[in-house]
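Here is the structure we will look at.
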Amino acid sequence: MPLPPPAAPGLPLAEVDTPALVLELDAFERNLRTMADAIAPLGVRLRPHAKSHKCVEIARRQIAAGAVGVCCQKTAEAEVLVDGGIEDVLIANEVVGRAKLARVAALARRARVSICVDDALAVDQLDAAARAAGVRIDVLVEVNVGADRCGVEPGEPALRLAQIVSGSPNLRLAGIQAYHGAAQHIRSIEDRRAAIAAAVGKARATRDLIEEAGLACDVVTGAGTGTFMFEGASGVYTELQPGSYVFMDADYGRNSWDGLPRFEQSLFIWTTVMSAPSASRVVVDAGLKAHAFDCGPPLVVGWPGVEYARPSDEHGTLTVAPGARAPALGDKLRLVPGHCDPTVNLYDWLVGVRGERVEAVWPVGARGAFY
């Protein structure tokens, strides 16, 4: 059961309870427009990744801005999105286990749901679930194009799996998933471009091999916020899956973006100074349970010389450099999360603000939907 929201529309930002996840709507809306403008000349479809926001309202706004649908990672995420009226959802991941596959098949009665596979046994189980539900499910063969995570190897191994999918009576081979997640945070433009060029080569060769075998490979999907322009301009990818562009975070901020579309930081953790024990140290109420630390600490906005030094469960200790102005007890600060996706998963609500006033409060409906 979600907790009550920390704010209501019309409330001044200064009165929003903390810790809260605050979305600056002007910047968020500009990010939607920037992505739409960037995608338009490329002749590819946009299918944003909802794992970043886990929010039906944001998915609706992405579709209104031109996306064909969304993708997600987990069955439960797909269920929340379909329940919220999203009609086209790709589970851009493997789903294993009869119970989960039965849920996927049940969703396919209500919306266009597609899914990835990288193993023949998973294909057999998915086909059985689709048969039991009386549906036909679109399937993408996931190809390892460099991330060395999930995915069958490119070329002949991918072709063999595609043939198994194509021969399954309750499945339809839609194409391939070719996402290079490890490339998204390569810092230099040149190195990111080179990593994606290698991925494009593997995706192209695999697509061509599948088509030469007489099978359709209509969809080549993948890409992320750090690389989508490279995949989009490749002539191979038909669909792009960036997610973090709506929010951004400190880790993406460390990338080089020269010559690429720039997205604004729109997502912040709103936190209160709960203790000011010395001139060099203050403590805020946003600790480990308020933001993800896998990509490092958050950044403090608007307080030169003040840095987030260390977290504990419910506390964040900030250091104040000599001569810098220290926040006082009760002051509220914006923090830029190190990694937006897992940070969002810690909150029940997104507080949308325009200027210094709350305009909307949106539920993070797929919070915790990792099963």
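Things to note:
- Selected residue [touching a residue at least 40 places away in the same chain (Cβ under 8 Å), surrounded by 17 or more Cβ atoms within 10 Å (Cβ to Cβ) and in a helix (DSSP H, G or I)] from 38, 59, 78: 38
- Of everything listed in (1) crowded, with 19+ Cβ neighbours inside 10 Å; (2) free of Cβ contacts under 8 Å to residues at least 12 places away in the same chain, the single unmet condition for residue 277 is (1).
- The residues listed here are 89, 95; of these, the one that is part of a loop (DSSP other than H, G, I, E, B), more than 25 Å from residue 251 (Cβ to Cβ) and of a type in the set (A, V, I, L, M) is 95.
- Qualifying residue in the range 323-332 (condition: touching a Pro at 6+ places or on another chain (Cβ under 9 Å), small (Gly, Ala, Ser) and over 17 Å from residue 296 (Cα atoms)): yes
- Matching residues in the range 97-130 - criterion: being under 24 Å from residue 155 (Cα atoms) and within 26 Å of the chain's Cα centre (by Cα): 114, 115, 116, 117, 118, 119, 122, 123, 126
- Leading residue by the ranking (surrounded by the most Cβ atoms within 10 Å (Cβ to Cβ)) among those in the range 131-157 that are within 20 Å of the chain's Cα centre (by Cα) and within 15 Å of residue 217 (Cα to Cα): 143
- Residue list for the range 240-280, filter: part of a strand (DSSP E or B) and over 16 Å from residue 341 (Cα atoms): 240, 270, 271, 272, 273, 274, 275, 276, 277, 278
- When the residues of the range 1-30 are filtered to those that are assigned to a strand (DSSP E or B) and not small (Gly, Ala, Ser), the one that is surrounded by the fewest Cβ atoms within 10 Å (Cβ to Cβ) is 12.
- Filtered residues of the range 257-302 (kept if touching a Phe, Trp or Tyr at 6+ places or on another chain (Cβ under 8 Å), of a type in the set (S, T, N, Q) and more than 23 Å from residue 29 (Cβ to Cβ)): none
- Restricting 216, 195, 199, 205 to those that are among the hydrophobic types (A, V, I, L, M, F, W, C), buried (at least 24 other Cβ atoms within 10 Å of the Cβ), at negative phi and over 15 Å from the mean Cα position of the chain (by Cα) reduces the list to 199.
- Residue tally, condition over 29 Å from the mean Cα position of the chain (by Cα) and aliphatic (A, V, I, L, M), over the range 158-170: 1
- Taken over the range 332-371, the criterion of being assigned by TED's automatic domain parsing to the domain that holds residue 307, in a loop (DSSP other than H, G, I, E, B) and surrounded by fewer than 16 Cβ atoms within 10 Å (Cβ to Cβ) is satisfied by 355, 356.
- Among the residues here, residue 271 qualifies as at pLDDT 95 or above and either under 26 Å from residue 288 (Cα atoms) or under 14 Å from the mean Cα position of the chain (by Cα) (or both).
A quick yes/no check of all residues on (1) without any contact (Cβ under 8 Å) to a residue 40 or more places away in the chain; (2) of a type outside the set (Asp, Glu); (3) out of contact with any strand residue (DSSP E or B) (no Cβ under 7 Å at 6 or more places or on another chain):
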| position | (1), (2), (3) |
| --- | --- |
| 294 | no, no, yes |
| 301 | yes, yes, no |
| 314 | yes, no, yes |
| 332 | no, yes, no |
| 346 | no, yes, yes |
| 369 | no, yes, yes |
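- Restricting 56, 68, 89, 80 to those that are in contact with a Lys or Arg (Cβ under 8 Å, 6 or more places away or on another chain), closer than 13 Å to residue 365 by Cα, not aromatic (Phe, Trp, Tyr) and not assigned by TED's automatic domain parsing to the domain that holds residue 341 reduces the list to 80.
- Among the conditions (1) in contact (Cβ under 8 Å) with a residue 40 or more places away in the chain; (2) in a helix (DSSP H, G or I), residue 122 misses just one, which is (1).
The values are calculated or read from the model by the stated rules, or taken from the named source; none is laboratory data. The shown structure was predicted, so the numbers you read here are calculated from the model rather than taken from an experiment. Reconstructed Cβ throughout: ideal geometry from the backbone, glycine too, with neighbour counts over all protein chains shown.
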